[in-house]
Amino acid sequence: METQAKNPNFNIASKKKKSAELSLGYNPYAKDKLYAVLFLGPSLLILALFVFYPMLRTIYLSFFLTNNLGKPTVFVGLKNYFALFSSNAYINSLIATLVYVIAVSIFTIAIGLVLAQAATKKVAGINFFRTIFSATMGVSVSVAAIFWLFIFNPSVGLLSQLFTALNLTPINWLTEPGWAMTAIVISTVWMNLGFTFLIFFGALQSVPYTLYEAAQIEGVSKSYQFFHITLPMISPTIFFVSIITLIESFKSFGLIDLMTAGGPNNATNLLVYRIYQDAFLNGNYGLASTESVILAVIIALFTFIQFKVLEKRVTY
Amino acid sequence: MKRKRTIFAALVIIFLAIIGFTFSQKSSAKADSRIKIVFWHEMTGPGQVQLNKFVKEFNDSQNKYVVVPQFEGNYNEAVQKILNTHGTSTSPALFQSMDISTSQIYNSGYTTPVQKFIDKEGYDTSKISAVARAFYSKNGTQLSMPFNTSQPVLYYNATLLKKYGITPPPVNPSYSDITRVATELYQKSGKKVKGLSVEIYGWLFEQFLANGGESLANNEDGHSGVPTSVNFSGTVATKTMKWLQENIKSGAFMNFGAGSSASANEMAAFLSGKLGMFLQSSADISQLTAGTKDKLGITYYPHADGQKSNGVSIGGASLWISNDKSSEVQQGAWNFIKFLMNAKNQATWQVATGYLALNKDSQDEPVLKKLYKSQPEAKVPGQQLRRTKPNNTNSGIFMQGLIQERTLTQTAMEQIYNGSNIKNSLVEAQKAMNSYITSNNLANKVNQK
């Protein structure tokens, strides 16, 4: 008994001794804490410096008017918030952002899914199409903007030449409010498709083939198979993609800056672009901070709703 | 375990050594005992190429200073960068800042007025264009040195007008002169060629007011005191917007929208012969002559019917000396400014970029004479600049927040171009600007205490 009891103790003690040589104390809890600090410390420090401090600072700034050097000078409490919600331009931006985000999310997911489903068919040259479908992942925003600007150019663009050839009146894609939003949505969806396609394609590959075989034996139609086997099986992926796309489209900036600069008549002046304009062009950091806080709350709210509503329909 | 750790430690040491080595290499390669003048600029295209040439020539010409040019993106963003880095080691000794940031940069108190060096050395400013100098001075003190300076002008495709047998617009056209040419062009080309484009650009809006002699901001456009309100909906503004709206509706004028894509689209349309005329900066001239074989025509900025043109103000940017650097560095920055302003370099600058030569002696330089001989129309912007007598409505607007003013007037123009009620759109923008001015003045006065 004694030796048996002693042995494990001895073992622990020897291990302790061994590792104690490397660390600083003998207390096992102290050592845990030390490791915790060692491992978490750097990331906490970085997060505190680059995430938490700017976040708190943004909230602080949102209660102030800032002068032209960006320094907070006059405390105005919630006045910035009231000013925003009573401004027609801001409300329009809010609505435009919602329209944009919802349109982009829906089209990206729907088209991405169709392309991915099509790419699972084993036909000649399918590898070529798979490459093409995922190719937009490798296109940078500036290149995409130039590409689409050429297509939408009102006098020498591809679409206007096509319309003229067909004897239709060319659309002023980027200068008429409704069409500008359509053009931006088209370009963004096109940009997003590569990534969405790739994720969906991967998910479709992981659906066990036996399920489809069983369905075929039962003589079920293709569309029934899609809605009752494919969709439920890849629902976690759809959920993931929908959240990523939603957050990404809330944060859209590059295409808007390069293609419409928020115009015409603020039709594509989405929340992020407005923040950029107020902060870095107008030097109005107080107001821009207020807008940032509102945007953060909106994104958090949407993500929360998605988790509450969509996750119920997800089969893991 | 121990061996792995040793290998890892060895790798880390090697890695650090490589980094250290690279950096020491870099610093030793750059070791230049000359005083460094960091110069921030926002020039792109031919302007950047020529500016870098000037820098090289200046650096090779003497061994006391070395100018290090750094491109800082577009004008708007550069202003914030300049203000936010002041007092740090990364801040520039010399920087280029756009026309409408003048009041903002001045009020920051971050610069040494070039007047100090002008007085110290008895530098003769009378050779530099008076209109350009007036734009960047306050109560007779030269704040910064005008550098890349342009004038808004009207370009037309002379070959295209000739093809359809249309008489070109006169050199100082009124709105109805332009309407005539635009409508004829649109009709005679079977609606394939648009007559005129006025980009949705706040600068052009300001110029319509300047040319009509109408103040945009109170206190005489800020020249007699800090502006407290603006007037976007005056007679000239309303008349001009009505002219543009009617002709866009009829199809004779084209709306290319706002932003960098708008000017690119406009340029593409003009170069491909789908657009007959457009209003733009005189600095575009070199791009236009290089891009098409068609003969280019240039006139003064159009003015409203039944009134004389008051003259337009300049556009572009000026050079400022930061006061957070030693007096030796500031002196070096000033020496570089003088170098850029000499007659020969100003002439070279106009030939290379289309920005106007500001030194009066440049007109006698062979390079510029050669340009005028091959392109007589290149004289027009300079003539427009010289014929303008500076007054308070055509010497720029001395007001903070002009970027906001441009955003708001551009929004109003977008609404008007798409058919909205002119008065409502202008008044709405005016109200938004006035509330911006109120809170901006409030925020900045507290700071001045």
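Considering only A:F50, A:G125, A:S252, the residue lying farthest towards the positive end of the dipole of chain A is A:F50, judged by Cα position with unit charges set on Cβ.
Excluding same-chain neighbours fewer than eight residues apart, the aspartates and glutamates reachable from A:K79 by a Cα-Cα span under 17 Å are A:D278, A:E291.
What you get for the stretch B:28-168, charging only the Cβ of Lys and Arg (+1) and of Asp and Glu (-1), is a dipole of about 200 debye around the Cα centre.
Taking trypsin sites (Lys or Arg not before Pro) in DSSP loop conformation with at most 10 other Cβ atoms inside 10 Å as exposed sites, chain A has its longest uninterrupted site-free stretch at A:123-316.
Across all directions, the shadow cast by the convex hull of the stretch B:299-382 built on its C-alpha atoms averages 7.6 square nanometres. Rounded to the nearest Hz, the phi-derived 3J(HN,Hα) couplings of the stretch A:95-111 under the Karplus curve 6.51 cos²θ - 1.76 cosθ + 1.60 (θ = phi - 60°) are 5, 4, 5, 4, 4, 4, 4, 5, 4, 4, 4, 5, 5, 4, 5, 5, 5, where x marks glycine and proline. Computed over the alpha-carbon atoms, chain B gives an Rg to Rh ratio of 1.04, Rh here being the Kirkwood radius from the mean inverse distance. Annotation for the stretch B:145-232: trypsin sites (Lys or Arg not before Pro) lying in DSSP loop with at most 15 further Cβ atoms inside 10 Å of their Cβ are B:K191, B:K192.
Each Lys and Arg adds +1 at its Cβ and each Asp and Glu adds -1 at its Cβ; summed about the Cα centre, the protein assembly as shown shows a dipole of about 1640 debye.
The mean number of Cβ atoms from other chains found within 10 Å of a Cβ in peptide A:280-288 is 6, as a whole number. Here the Karplus curve 6.51 cos²θ - 1.76 cosθ + 1.60, taken at θ = phi - 60°, turns the phi angles of the stretch A:187-201 into couplings of 5, 5, 4, 4, 4, 6, 4, x, 5, 4, 4, 4, 5, 5, 4 Hz, with x standing for Gly and Pro. Let a ≥ b ≥ c be the square roots of the eigenvalues of the Cα gyration tensor of the stretch A:31-138; is it rounded (a/c under 1.5), or, if not, prolate (a/b larger than b/c) or oblate? In terms of gyration-tensor shape, oblate. Under the criterion of Cα pairs below 8 Å and six or more residues apart, the relative contact order for chain B equals 24 percent. The accessible area of B:L185, taken with all protein chains in place and a 1.4 Å probe, comes to roughly 0 Å². In chain B, the calculated helix contribution to ellipticity at 222 nm averages -16000 deg cm²/dmol per residue, counting -39,500 (n - 2.57) for every DSSP H run with n ≥ 4. The angle between the Cα long axis of helix B:235-250 and the longest principal axis of the Cα atoms of chain B comes to about 80 degrees, rounded to the nearest 10.
Derived from the Cα gyration tensor, the three semi-axes of the equivalent ellipsoid of the protein assembly as shown are 53, 39, 27 Å, largest first. A cut-off of 5 Å between modelled amide H atoms, ignoring neighbours fewer than 5 places along the same chain, links B:N148 with B:A317. Using a cut-off of 26 Å between Cα atoms, the listed pairs B:K191/B:K373; B:K242/B:K274; A:K222/A:K251; B:K249/B:K389; B:K389/B:K431 include B:K191/B:K373; A:K222/A:K251; B:K249/B:K389; B:K389/B:K431 as exceeding that distance. For the protein assembly as shown, the antiparallel share of DSSP beta bridges with both residues in that region comes to about 60%. Calculated mean residue ellipticity at 222 nm for chain A: -22000 deg cm²/dmol, from DSSP H runs with n ≥ 4 weighted as -39500 (n - 2.57), summed, divided by the residue count and rounded to 500.
Computed from the C-alpha gyration tensor, the three semi-axes of the ellipsoid equivalent to the stretch A:81-313 are 36, 25, 14 Å, from longest to shortest. Based on Cα contacts under 8 Å between residues 6+ apart, the stretch A:29-133 shows a relative contact order of 10 percent. All other residues whose Cβ lies under 14 angstrom from that of B:G87 are scored, Lys and Arg at +1 and Asp and Glu at -1, for a net of +2. Amide H contacts of B:I35 (H built 1.01 Å from N, in plane; Pro and chain starts excluded): B:Y65, B:V66 sit under 5 Å, all sequence-distant by 5 or more or on other chains. Distant-in-sequence amide contacts of A:F64, defined by a placed amide H-H separation under 5 Å and a gap of 5 or more residues or a different chain, comprise A:V76. Each residue of the stretch A:34-40 was assigned a 3J(HN,Hα) from its phi angle through the Karplus expression (A = 6.51, B = -1.76, C = 1.60, θ = phi - 60°), giving 4, 4, 4, 5, 4, 7, 8 Hz with x at Gly and Pro.
With an 8 Å cut-off on Cα pairs and a minimum separation of 6 or more residues, tell me the relative contact order of chain A in percent. Relative contact order for chain A comes out at 25 percent.
Which log10 I(q)/I(0) values does the stretch A:153-252 give at q = 0.18, 0.19, 0.23 Å⁻¹ under the Debye formula, counting every alpha carbon as one identical point scatterer? Normalising to I(0) and taking log10 leaves -0.88, -0.92, -1.14.
At 1.4 Å probe size, with every protein chain present, just tell me what the per residue accessible area of the protein assembly as shown comes to in Å².
48 Å²
Of all the options A:V297, A:V51, A:V185, the one that moves most in a Gaussian network model of chain A with Cα springs shorter than 10 angstrom is A:V51.
Across the alpha-carbon set of the stretch B:192-314, the Rg to Rh ratio works out to 1.00, Rh being the Kirkwood radius.
Using Cβ point charges alone (K and R +1, D and E -1), the dipole size of chain A about the Cα centre works out to roughly 980 debye. By the Cα gyration tensor, the stretch B:82-123 has an equivalent ellipsoid whose semi-axes, rounded to whole angstrom, run 21, 14, 9 from largest to smallest. Simple rule: put +1 on each Lys or Arg Cβ and -1 on each Asp or Glu Cβ in the protein assembly as shown, find the dipole, and look at B:L185, A:A180, B:N63; the Cα lying farthest toward the positive end is B:N63. For chain B, the longest principal axis of the alpha carbon atoms and the long axis of helix B:343-353 meet at an angle near 70°.
The values are calculated or read from the model by the stated rules, or taken from the named source; none is laboratory data. Please read all numbers here as calculations on a predicted model, not as lab measurements. Virtual Cβ from ideal backbone geometry, glycine too; neighbours counted across all protein chains shown. All accessible areas refer to the heavy atoms of the entire protein, side chains included, with ligands and DNA or RNA removed. Shrake-Rupley method; radii C 1.70, N 1.55, O 1.52, S 1.80 Å.
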